[in-house]
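A short write-up of the structure that comes next.
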Amino acid sequence: MLQPTDGGYTNGYHNDGAVAGGISGGHRVRRGSRGRPRGRRSGGSSDGDARVSLRQQHNEDEEEREKPAPPCTEFDTAYFNSYAHVGIHEEMIKDRVRTDTYRNAIFQHQHFIAGKVVVDVGCGTGILSIFCAQAGARRVYAVDASDIAVQANEIVKANNLCDKVIVLHGRVEDVEIDEEVDIIVSEWMGYMLLYESMLGSVITARDRWLKPGGLILPSHATLYMAPVTHPDRYSESVDFWRNVYGIDMSAIMPLAKQCAFEEPSVETITVENVLTWPQVVKHVDCYKVTTQELESITSRFRFESMMRSPFHGFAFWFDVEFTGPRVFPLDNGMQPSFVEPSNSNMTEDNQRKKRPNPNDALVLSTAPEDPPTHWQQTLVYFYEPLDVEQDQVIEGSLTLSQSKENARFMNIHLAYSSGGRSFVKESVMR
(Lines give C-alpha, C1' and ligand atoms only; values in the text may rest on other atoms or scores of the structure.)
Protein backbone atom coordinates (compact mmCIF):
# COMPACT_ATOMS: atom_id res chain seq x y z
CA MET A 1 0.00 0.00 0.00
CA LEU A 2 1.01 3.63 -0.38
CA GLN A 3 1.01 5.68 2.77
CA PRO A 4 1.06 9.49 2.54
CA THR A 5 2.56 11.65 5.26
CA ASP A 6 -0.80 12.11 6.96
CA GLY A 7 -0.85 8.39 7.81
CA GLY A 8 -3.84 7.28 5.70
CA TYR A 9 -3.17 4.32 3.41
CA THR A 10 -3.72 4.92 -0.29
CA ASN A 11 -2.04 1.81 -1.79
CA GLY A 12 -0.43 3.50 -4.74
CA TYR A 13 -2.57 6.61 -5.05
CA HIS A 14 -0.78 9.93 -4.68
CA ASN A 15 -3.92 11.99 -4.06
CA ASP A 16 -5.38 12.30 -0.58
CA GLY A 17 -8.84 10.97 -1.43
CA ALA A 18 -7.97 7.60 -2.96
CA VAL A 19 -9.14 4.28 -1.56
CA ALA A 20 -6.91 1.28 -0.86
CA GLY A 21 -7.22 -1.91 -2.82
CA GLY A 22 -6.67 -5.52 -1.77
CA ILE A 23 -4.25 -8.18 -2.97
CA SER A 24 -5.33 -10.14 -6.00
CA GLY A 25 -5.71 -13.87 -5.65
CA GLY A 26 -4.45 -14.57 -9.15
CA HIS A 27 -1.36 -16.72 -9.61
CA ARG A 28 1.61 -15.86 -11.76
CA VAL A 29 3.78 -18.62 -13.17
CA ARG A 30 7.27 -17.73 -14.25
CA ARG A 31 7.71 -17.76 -18.01
CA GLY A 32 4.27 -19.22 -18.26
CA SER A 33 1.10 -17.74 -19.67
CA ARG A 34 5.12 -18.97 -18.31
CA GLY A 35 22.35 -22.94 5.18
CA ARG A 36 25.36 -21.66 5.41
CA PRO A 37 28.21 -20.17 3.36
CA ARG A 38 30.89 -22.55 2.27
CA GLY A 39 34.35 -21.69 3.58
CA ARG A 40 36.60 -20.09 0.97
CA ARG A 41 40.25 -19.15 1.30
CA SER A 42 40.87 -15.44 0.87
CA GLY A 43 44.47 -15.82 -0.22
CA GLY A 44 46.69 -15.06 2.79
CA SER A 45 47.27 -18.47 4.39
CA SER A 46 49.60 -21.29 3.45
CA ASP A 47 48.48 -24.27 1.39
CA GLY A 48 48.66 -26.45 4.50
CA ASP A 49 46.41 -24.12 6.47
CA ALA A 50 44.01 -23.98 3.55
CA ARG A 51 43.80 -27.77 3.36
CA VAL A 52 43.07 -27.97 7.10
CA SER A 53 40.38 -25.31 6.67
CA LEU A 54 38.88 -27.21 3.76
CA ARG A 55 38.84 -30.45 5.79
CA GLN A 56 37.05 -28.65 8.61
CA GLN A 57 34.56 -27.22 6.13
CA HIS A 58 34.09 -30.71 4.65
CA ASN A 59 33.18 -32.06 8.11
CA GLU A 60 30.73 -29.22 8.65
CA ASP A 61 29.18 -29.89 5.24
CA GLU A 62 28.77 -33.58 6.13
CA GLU A 63 26.77 -32.52 9.20
CA GLU A 64 24.68 -30.21 7.01
CA ARG A 65 23.93 -33.03 4.57
CA GLU A 66 22.56 -35.22 7.35
CA LYS A 67 19.77 -32.73 8.15
CA PRO A 68 16.33 -33.94 7.01
CA ALA A 69 14.96 -32.41 3.81
CA PRO A 70 12.11 -29.90 4.20
CA PRO A 71 8.69 -31.31 3.29
CA CYS A 72 7.31 -30.87 -0.21
CA THR A 73 4.29 -28.58 0.18
CA GLU A 74 1.21 -28.39 -2.02
CA PHE A 75 2.62 -25.13 -3.40
CA ASP A 76 5.83 -26.94 -4.34
CA THR A 77 3.81 -29.63 -6.10
CA ALA A 78 1.82 -27.03 -8.04
CA TYR A 79 5.08 -25.29 -8.97
CA PHE A 80 6.67 -28.50 -10.23
CA ASN A 81 3.52 -29.41 -12.15
CA SER A 82 3.59 -26.06 -13.96
CA TYR A 83 6.97 -27.01 -15.44
CA ALA A 84 5.59 -30.23 -16.91
CA HIS A 85 4.05 -28.16 -19.71
CA VAL A 86 6.25 -28.12 -22.80
CA GLY A 87 5.32 -24.52 -23.62
CA ILE A 88 7.37 -23.15 -20.73
CA HIS A 89 10.47 -25.01 -21.91
CA GLU A 90 9.88 -23.97 -25.51
CA GLU A 91 9.80 -20.31 -24.44
CA MET A 92 13.00 -20.66 -22.43
CA ILE A 93 14.93 -22.53 -25.12
CA LYS A 94 13.81 -20.07 -27.82
CA ASP A 95 15.21 -17.24 -25.71
CA ARG A 96 18.47 -17.15 -27.63
CA VAL A 97 20.11 -14.67 -25.26
CA ARG A 98 19.53 -17.09 -22.39
CA THR A 99 20.33 -20.37 -24.13
CA ASP A 100 23.32 -19.12 -26.13
CA THR A 101 24.87 -17.52 -23.05
CA TYR A 102 24.56 -20.75 -21.05
CA ARG A 103 26.01 -22.78 -23.91
CA ASN A 104 28.88 -20.31 -24.32
CA ALA A 105 29.55 -20.36 -20.57
CA ILE A 106 29.69 -24.15 -20.50
CA PHE A 107 32.12 -24.34 -23.40
CA GLN A 108 34.13 -21.41 -22.06
CA HIS A 109 34.76 -23.62 -19.00
CA GLN A 110 35.26 -26.79 -21.04
CA HIS A 111 38.80 -27.15 -19.69
CA PHE A 112 37.30 -27.48 -16.20
CA ILE A 113 34.26 -29.56 -17.14
CA ALA A 114 36.04 -32.18 -19.25
CA GLY A 115 36.34 -35.46 -17.35
CA LYS A 116 34.44 -34.08 -14.35
CA VAL A 117 31.07 -34.69 -12.66
CA VAL A 118 28.23 -32.18 -13.11
CA VAL A 119 24.82 -31.75 -11.49
CA ASP A 120 22.18 -29.79 -13.41
CA VAL A 121 19.65 -28.40 -10.90
CA GLY A 122 16.21 -28.09 -12.49
CA CYS A 123 17.28 -29.66 -15.76
CA GLY A 124 13.96 -29.28 -17.59
CA THR A 125 14.37 -30.83 -21.04
CA GLY A 126 18.00 -31.59 -20.24
CA ILE A 127 19.49 -29.15 -22.72
CA LEU A 128 22.13 -27.79 -20.32
CA SER A 129 23.02 -31.32 -19.22
CA ILE A 130 23.59 -32.27 -22.85
CA PHE A 131 25.74 -29.16 -23.39
CA CYS A 132 27.87 -30.31 -20.44
CA ALA A 133 28.14 -33.81 -21.90
CA GLN A 134 29.19 -32.30 -25.23
CA ALA A 135 31.82 -30.28 -23.35
CA GLY A 136 33.34 -33.55 -22.14
CA ALA A 137 31.82 -34.11 -18.71
CA ARG A 138 32.43 -37.64 -17.46
CA ARG A 139 29.00 -37.79 -15.82
CA VAL A 140 26.04 -35.41 -15.56
CA TYR A 141 23.25 -35.79 -13.02
CA ALA A 142 20.17 -34.06 -14.47
CA VAL A 143 17.75 -33.38 -11.60
CA ASP A 144 14.17 -32.17 -11.95
CA ALA A 145 11.13 -32.65 -9.74
CA SER A 146 8.72 -31.96 -12.61
CA ASP A 147 7.38 -34.68 -14.88
CA ILE A 148 9.36 -33.04 -17.69
CA ALA A 149 12.18 -35.26 -16.36
CA VAL A 150 10.50 -38.18 -18.13
CA GLN A 151 10.87 -36.35 -21.43
CA ALA A 152 14.42 -35.35 -20.57
CA ASN A 153 15.30 -39.02 -20.15
CA GLU A 154 13.89 -39.80 -23.60
CA ILE A 155 15.90 -36.91 -25.08
CA VAL A 156 19.06 -38.27 -23.48
CA LYS A 157 18.35 -41.70 -24.98
CA ALA A 158 17.66 -40.24 -28.43
CA ASN A 159 21.06 -38.52 -28.35
CA ASN A 160 22.92 -41.66 -27.23
CA LEU A 161 24.10 -40.07 -23.99
CA CYS A 162 22.80 -42.60 -21.45
CA ASP A 163 26.38 -43.46 -20.54
CA LYS A 164 27.01 -39.86 -19.47
CA VAL A 165 23.73 -38.22 -18.46
CA ILE A 166 21.68 -39.68 -15.60
CA VAL A 167 18.22 -38.15 -15.18
CA LEU A 168 16.97 -38.08 -11.59
CA HIS A 169 13.24 -37.41 -11.21
CA GLY A 170 12.82 -35.72 -7.84
CA ARG A 171 13.72 -32.74 -5.69
CA VAL A 172 17.36 -31.87 -5.10
CA GLU A 173 16.52 -32.18 -1.40
CA ASP A 174 15.40 -35.81 -1.87
CA VAL A 175 17.44 -37.48 -4.63
CA GLU A 176 20.65 -39.30 -3.81
CA ILE A 177 23.97 -38.87 -5.59
CA ASP A 178 26.67 -41.17 -4.25
CA GLU A 179 29.62 -38.95 -5.12
CA GLU A 180 30.74 -35.36 -4.86
CA VAL A 181 30.40 -33.20 -7.95
CA ASP A 182 32.82 -30.75 -9.54
CA ILE A 183 30.31 -28.44 -11.23
CA ILE A 184 26.78 -27.20 -10.59
CA VAL A 185 24.90 -25.69 -13.50
CA SER A 186 21.42 -24.29 -13.11
CA GLU A 187 19.10 -21.80 -14.74
CA TRP A 188 17.39 -20.79 -11.49
CA MET A 189 16.55 -17.13 -12.05
CA GLY A 190 12.95 -16.02 -11.81
CA TYR A 191 11.30 -12.73 -12.59
CA MET A 192 12.96 -9.99 -10.54
CA LEU A 193 15.75 -12.56 -10.04
CA LEU A 194 14.42 -14.10 -6.80
CA TYR A 195 10.80 -14.88 -7.60
CA GLU A 196 10.14 -18.64 -7.25
CA SER A 197 12.96 -19.12 -4.70
CA MET A 198 14.71 -21.71 -6.89
CA LEU A 199 18.11 -20.44 -5.79
CA GLY A 200 17.50 -22.33 -2.55
CA SER A 201 17.71 -25.60 -4.50
CA VAL A 202 21.09 -24.57 -5.91
CA ILE A 203 22.30 -23.81 -2.40
CA THR A 204 21.08 -27.24 -1.26
CA ALA A 205 22.94 -28.95 -4.12
CA ARG A 206 26.08 -26.94 -3.32
CA ASP A 207 26.00 -27.88 0.34
CA ARG A 208 25.20 -31.54 -0.33
CA TRP A 209 27.54 -32.39 -3.19
CA LEU A 210 29.92 -29.69 -4.45
CA LYS A 211 33.61 -30.37 -3.92
CA PRO A 212 35.82 -27.67 -2.42
CA GLY A 213 37.09 -25.70 -5.39
CA GLY A 214 34.07 -26.63 -7.47
CA LEU A 215 32.46 -24.46 -10.12
CA ILE A 216 28.94 -22.99 -10.05
CA LEU A 217 27.38 -21.66 -13.27
CA PRO A 218 26.21 -18.96 -13.02
CA SER A 219 28.41 -17.89 -10.15
CA HIS A 220 27.12 -14.42 -9.28
CA ALA A 221 23.89 -12.48 -9.73
CA THR A 222 22.93 -8.86 -9.23
CA LEU A 223 19.45 -7.33 -8.92
CA TYR A 224 19.01 -3.68 -9.93
CA MET A 225 16.25 -1.11 -9.54
CA ALA A 226 15.52 2.34 -10.98
CA PRO A 227 12.64 4.84 -11.07
CA VAL A 228 10.77 4.87 -14.37
CA THR A 229 8.33 6.92 -16.37
CA HIS A 230 5.84 5.13 -18.62
CA PRO A 231 3.00 7.46 -19.73
CA ASP A 232 1.98 5.17 -22.61
CA ARG A 233 1.35 2.26 -20.25
CA TYR A 234 -0.65 4.46 -17.90
CA SER A 235 -2.67 5.87 -20.79
CA GLU A 236 -3.45 2.43 -22.23
CA SER A 237 -4.65 1.06 -18.90
CA VAL A 238 -6.35 4.09 -17.32
CA ASP A 239 -6.93 7.07 -19.60
CA PHE A 240 -8.60 4.77 -22.12
CA TRP A 241 -11.73 4.81 -19.93
CA ARG A 242 -12.24 8.58 -20.20
CA ASN A 243 -13.85 8.26 -23.61
CA VAL A 244 -15.01 4.89 -24.95
CA TYR A 245 -16.89 5.29 -28.24
CA GLY A 246 -17.94 8.73 -27.04
CA ILE A 247 -19.16 7.37 -23.69
CA ASP A 248 -17.73 8.75 -20.43
CA MET A 249 -16.57 5.64 -18.53
CA SER A 250 -14.22 7.48 -16.18
CA ALA A 251 -16.18 6.06 -13.23
CA ILE A 252 -14.37 2.77 -13.82
CA MET A 253 -10.90 4.36 -13.65
CA PRO A 254 -10.25 3.63 -9.94
CA LEU A 255 -10.99 -0.06 -10.56
CA ALA A 256 -8.90 0.01 -13.75
CA LYS A 257 -5.94 1.39 -11.79
CA GLN A 258 -6.30 -1.29 -9.15
CA CYS A 259 -6.54 -4.11 -11.70
CA ALA A 260 -3.64 -2.81 -13.79
CA PHE A 261 -1.17 -1.81 -11.08
CA GLU A 262 -1.97 -3.77 -7.93
CA GLU A 263 0.54 -6.54 -8.68
CA PRO A 264 4.01 -6.29 -10.22
CA SER A 265 3.95 -6.32 -14.01
CA VAL A 266 6.39 -8.24 -16.21
CA GLU A 267 6.93 -6.29 -19.42
CA THR A 268 9.61 -4.79 -21.63
CA ILE A 269 10.72 -1.20 -21.24
CA THR A 270 13.47 0.82 -22.94
CA VAL A 271 16.23 3.04 -21.62
CA GLU A 272 14.00 6.03 -22.45
CA ASN A 273 11.69 4.92 -19.62
CA VAL A 274 14.44 5.00 -16.99
CA LEU A 275 14.71 8.24 -15.02
CA THR A 276 18.05 7.69 -13.25
CA TRP A 277 21.10 5.51 -13.05
CA PRO A 278 20.12 2.12 -11.58
CA GLN A 279 21.14 1.01 -8.14
CA VAL A 280 22.14 -2.42 -6.84
CA VAL A 281 19.50 -4.04 -4.62
CA LYS A 282 21.28 -7.32 -3.97
CA HIS A 283 24.49 -8.97 -5.12
CA VAL A 284 24.49 -12.76 -4.79
CA ASP A 285 27.65 -14.85 -4.61
CA CYS A 286 26.44 -18.38 -5.31
CA TYR A 287 29.52 -19.82 -3.61
CA LYS A 288 28.62 -18.17 -0.30
CA VAL A 289 24.94 -17.20 -0.23
CA THR A 290 22.71 -18.87 2.37
CA THR A 291 19.01 -19.65 2.28
CA GLN A 292 18.54 -17.58 5.42
CA GLU A 293 19.76 -14.35 3.85
CA LEU A 294 17.30 -14.80 0.97
CA GLU A 295 14.28 -14.94 3.29
CA SER A 296 14.27 -11.15 3.61
CA ILE A 297 16.39 -8.57 1.79
CA THR A 298 16.37 -4.86 2.61
CA SER A 299 18.15 -2.17 0.63
CA ARG A 300 18.10 1.61 0.91
CA PHE A 301 18.13 3.75 -2.22
CA ARG A 302 18.67 7.36 -3.26
CA PHE A 303 18.15 8.52 -6.83
CA GLU A 304 18.30 11.88 -8.58
CA SER A 305 15.99 12.24 -11.57
CA MET A 306 17.83 13.08 -14.77
CA MET A 307 14.78 14.78 -16.29
CA ARG A 308 11.48 16.45 -15.59
CA SER A 309 8.86 13.76 -15.99
CA PRO A 310 5.97 11.90 -14.40
CA PHE A 311 7.33 9.19 -12.09
CA HIS A 312 5.18 6.07 -12.54
CA GLY A 313 6.99 3.46 -10.46
CA PHE A 314 10.13 1.37 -10.13
CA ALA A 315 11.64 -1.14 -12.57
CA PHE A 316 13.76 -4.14 -11.61
CA TRP A 317 16.11 -6.28 -13.68
CA PHE A 318 19.15 -8.47 -13.12
CA ASP A 319 22.26 -9.92 -14.62
CA VAL A 320 24.24 -13.07 -13.85
CA GLU A 321 27.93 -13.79 -14.32
CA PHE A 322 29.65 -17.05 -15.17
CA THR A 323 32.94 -16.97 -13.25
CA GLY A 324 34.70 -19.00 -10.59
CA PRO A 325 35.25 -18.49 -6.86
CA ARG A 326 38.33 -16.94 -5.32
CA VAL A 327 41.50 -18.87 -6.14
CA PHE A 328 42.26 -21.57 -3.60
CA PRO A 329 43.73 -25.11 -3.76
CA LEU A 330 41.82 -27.90 -5.44
CA ASP A 331 42.01 -31.53 -4.36
CA ASN A 332 44.85 -32.12 -6.82
CA GLY A 333 46.87 -29.21 -5.43
CA MET A 334 46.53 -27.23 -8.67
CA GLN A 335 44.91 -23.83 -8.86
CA PRO A 336 41.84 -23.37 -11.05
CA SER A 337 42.21 -21.36 -14.23
CA PHE A 338 39.17 -19.23 -13.46
CA VAL A 339 39.29 -16.08 -11.33
CA GLU A 340 36.95 -13.90 -9.36
CA PRO A 341 35.19 -11.20 -11.41
CA SER A 342 36.83 -7.79 -11.44
CA ASN A 343 33.84 -6.22 -9.66
CA SER A 344 33.83 -8.70 -6.78
CA ASN A 345 34.07 -5.83 -4.29
CA MET A 346 30.66 -4.58 -5.37
CA THR A 347 28.62 -3.36 -2.43
CA GLU A 348 24.88 -3.00 -2.23
CA ASP A 349 25.33 0.76 -1.77
CA ASN A 350 26.68 1.19 -5.28
CA GLN A 351 24.33 3.29 -7.37
CA ARG A 352 25.72 2.86 -10.84
CA LYS A 353 25.59 -0.39 -12.70
CA LYS A 354 28.97 -2.11 -12.84
CA ARG A 355 29.94 -4.73 -15.37
CA PRO A 356 33.02 -6.95 -15.31
CA ASN A 357 35.60 -6.81 -18.03
CA PRO A 358 34.41 -9.10 -20.87
CA ASN A 359 37.73 -10.94 -20.62
CA ASP A 360 36.95 -11.80 -16.99
CA ALA A 361 33.32 -12.84 -17.11
CA LEU A 362 30.50 -13.87 -19.40
CA VAL A 363 27.35 -11.93 -18.47
CA LEU A 364 23.67 -12.65 -19.12
CA SER A 365 21.80 -9.37 -18.71
CA THR A 366 18.10 -8.53 -18.62
CA ALA A 367 18.69 -4.76 -18.53
CA PRO A 368 16.53 -2.44 -20.68
CA GLU A 369 19.54 -1.47 -22.83
CA ASP A 370 20.41 -5.08 -23.66
CA PRO A 371 18.73 -7.52 -26.08
CA PRO A 372 15.33 -8.63 -24.70
CA THR A 373 14.88 -11.91 -22.87
CA HIS A 374 11.83 -13.84 -21.69
CA TRP A 375 12.43 -12.39 -18.22
CA GLN A 376 11.82 -8.86 -19.57
CA GLN A 377 11.77 -6.37 -16.67
CA THR A 378 9.55 -6.29 -13.58
CA LEU A 379 7.70 -3.06 -12.83
CA VAL A 380 5.97 -1.95 -9.65
CA TYR A 381 3.59 0.82 -10.67
CA PHE A 382 1.91 3.47 -8.55
CA TYR A 383 -1.78 4.08 -8.95
CA GLU A 384 -1.06 7.78 -9.46
CA PRO A 385 2.16 9.17 -10.95
CA LEU A 386 4.29 11.77 -9.18
CA ASP A 387 5.67 14.72 -11.11
CA VAL A 388 9.42 15.09 -10.55
CA GLU A 389 11.81 17.81 -11.65
CA GLN A 390 15.31 17.32 -12.99
CA ASP A 391 17.73 16.53 -10.13
CA GLN A 392 14.83 15.91 -7.73
CA VAL A 393 15.75 13.31 -5.10
CA ILE A 394 13.82 10.04 -4.77
CA GLU A 395 14.86 8.04 -1.73
CA GLY A 396 13.64 5.30 0.52
CA SER A 397 13.96 1.58 1.19
CA LEU A 398 12.94 -1.71 -0.40
CA THR A 399 12.28 -5.00 1.36
CA LEU A 400 11.82 -8.26 -0.55
CA SER A 401 10.68 -11.19 1.55
CA GLN A 402 9.44 -14.70 0.96
CA SER A 403 5.70 -14.93 1.45
CA LYS A 404 4.50 -16.72 4.59
CA GLU A 405 1.72 -18.19 2.46
CA ASN A 406 4.10 -19.65 -0.10
CA ALA A 407 7.87 -19.17 -0.02
CA ARG A 408 7.90 -19.12 -3.83
CA PHE A 409 5.83 -15.92 -3.76
CA MET A 410 7.59 -12.64 -3.03
CA ASN A 411 6.37 -9.76 -0.87
CA ILE A 412 7.52 -6.33 -2.04
CA HIS A 413 7.55 -3.43 0.42
CA LEU A 414 8.56 -0.04 -1.03
CA ALA A 415 8.85 3.00 1.25
CA TYR A 416 9.88 6.11 -0.63
CA SER A 417 9.71 9.88 -0.52
CA SER A 418 10.14 12.69 -3.01
CA GLY A 419 9.21 16.34 -3.10
CA GLY A 420 8.41 16.40 0.60
CA ARG A 421 5.87 13.56 0.49
CA SER A 422 6.30 9.99 1.71
CA PHE A 423 4.54 6.83 0.60
CA VAL A 424 4.53 3.07 1.02
CA LYS A 425 3.66 0.63 -1.77
CA GLU A 426 3.11 -3.04 -0.93
CA SER A 427 2.45 -5.81 -3.41
CA VAL A 428 2.88 -9.56 -3.81
CA MET A 429 4.45 -11.29 -6.79
CA ARG A 430 2.45 -14.49 -7.18
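Assorted remarks:
- Enumeration of residues in the stretch 140-166 that are open to solvent by 30 Å² or more (accessible area, probe 1.4 Å) and outside any loop (DSSP other than H, G, I, E, B): Val150, Gln151, Asn153, Glu154, Ile155, Lys157, Ala158, Ile166
- Of the residues in the stretch 201-223, none is more than 24 Å from the chain's Cα centre (by Cα), modelled with pLDDT of 95 or more and in a loop (DSSP other than H, G, I, E, B).
- Close pairs from the stretch 161-175: first under 18 Å from Lys116 (Cα atoms), partner open to solvent by 30 Å² or more (accessible area, probe 1.4 Å) and part of a strand (DSSP E or B), Cβ under 7 Å, at least 6 apart: Lys164/Arg139; Ile166/Arg139
- Restricting the search to strands (runs of 3 or more DSSP E) fully inside the stretch 364-430 and requiring at least 1 residues that are farther than 29 Å from Lys94 by Cβ and aromatic (Phe, Trp, Tyr) gives 377-388, 410-418, 421-429.
- Residue in the stretch 205-225 that is of a type outside the set (A, V, I, L, M), closer than 27 Å to Ser299 by Cβ and open to solvent by 30 Å² or more (accessible area, probe 1.4 Å) present: no
- Test: residue in the stretch 172-191 that is within 30 Å of Phe301 (Cβ to Cβ), of a type in the set (A, V, I, L, M) and in a loop (DSSP other than H, G, I, E, B): yes
- Boolean, Ile252 is more than 30 Å from Gly122 (Cα to Cα), β-branched (Val, Ile, Thr) and either outside any loop (DSSP other than H, G, I, E, B) or touching a strand residue (DSSP E or B) at 6+ places or on another chain (Cβ under 9 Å) (or both): yes
- When the stretch 250-282 is filtered for residues that are open to solvent by 70 Å² or more (accessible area, probe 1.4 Å) and closer than 12 Å to Tyr381 by Cβ, only Cys259 remains.
- Answer residue from the stretch 226-249, given it is within 28 Å of the chain's Cα centre (by Cα) and part of a helix (DSSP H, G or I) and is surrounded by the fewest Cβ atoms within 10 Å (Cβ to Cβ) among those: Asp232
- The residue that is farthest from Lys164 (Cα to Cα), among those in the stretch 113-129 that are of a type in the set (A, V, I, L, M, F, W, C) and surrounded by 23 or more Cβ atoms within 10 Å (Cβ to Cβ), is Val121.
- Tallying residues that are modelled with pLDDT under 95 and open to solvent by less than 40 Å² (accessible area, probe 1.4 Å) within the stretch 386-408 yields 3.
The values are calculated or read from the model by the stated rules, or taken from the named source; none is laboratory data. Source: prediction; values computed, not measured. Note that each Cβ is placed from the backbone with ideal geometry, even for glycine, and that neighbours are counted across all protein chains shown. Accessible surface is based on the protein model in full, side chains and every heavy atom, while ligands, DNA and RNA are left aside. Shrake-Rupley method; radii C 1.70, N 1.55, O 1.52, S 1.80 Å.
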